[in-house]
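S.K.: Dumping the structure here so I can ask a few things about it.
Just so it is clear, none of the values below were taken in a lab; they were calculated from the coordinates. Because the structure is predicted, anything quoted here is derived from the model rather than measured. Reconstructed Cβ throughout: ideal geometry from the backbone, glycine too, with neighbour counts over all protein chains shown.
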Amino acid sequence: MLGPGAAMLIMSCSFVLDTNDLHKGGAAGASPGTGGSSGEPIADAAIDAPTCNFPDHDACSMCLGTSCCTEYGACAHDGACNIAFVDFQQCQRNAKKAANPTIAQAVCAETFRARGGTLATTLFGCTLTNCPTACGG
């Protein structure tokens, strides 16, 4: 099981996948940019990596957008990871109201990783590695 700090890391970001929009080919406000008809992510000249834009402009979302966009995009376009992530976000909202929010949020994180498979684990790991301060880890 994750320690409380690690479990809190990915929870503090407030972005949600738009599953209806994903079925149309993109996630509203949370997908990598595309480079024309090829559909390849636009590279940020400063870091030469795709960037995601999230509707929330908090430090965690900005860090995920620049540091974990590829991982986020992969999760967003995979059915199991996408559903697990949407459920994870709802679980986090509920966990904040629990008698012991830290334990409840850790359970949410473990459930996300278990249900979302390898892509969820990869996104979670990217967040732990690249955004610990911005995401409250």
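S.K.: Based on the Cα coordinates of region 67-112, what is the per residue volume of their convex hull in Å³?
M.R.: 67 Å³
S.K.: For GLN92, what charge total do you get from the other residues with a beta carbon under 15 Å from its beta carbon, if Lys and Arg give +1 and Asp and Glu give -1?
M.R.: +1
S.K.: Shifting gears a bit: Using a 10 Å cut-off around each Cβ, can you sort GLU110, GLU71 from fewest to most neighbouring Cβ atoms?
M.R.: Sorted ascending by nearby Cβ count, the order is GLU110, GLU71.
S.K.: Further question: Given the Cα-Cα distance of LYS96 and GLU110 and 0.36 nm per residue of separation, how much length would full extension add, in nm? Please list the in-between numbers first.
M.R.: Values: separation 14, 0.36 × 14 = 5.04 nm, distance 1.59 nm.
Answer, rounded to one decimal: 3.5 nm.
S.K.: Moving to a separate point now. From the mean inverse distance of alpha carbon pairs (Kirkwood) and the Cα radius of gyration, derive Rg over Rh for region 52-137.
M.R.: Expressed as Rg/Rh, it is 0.95.
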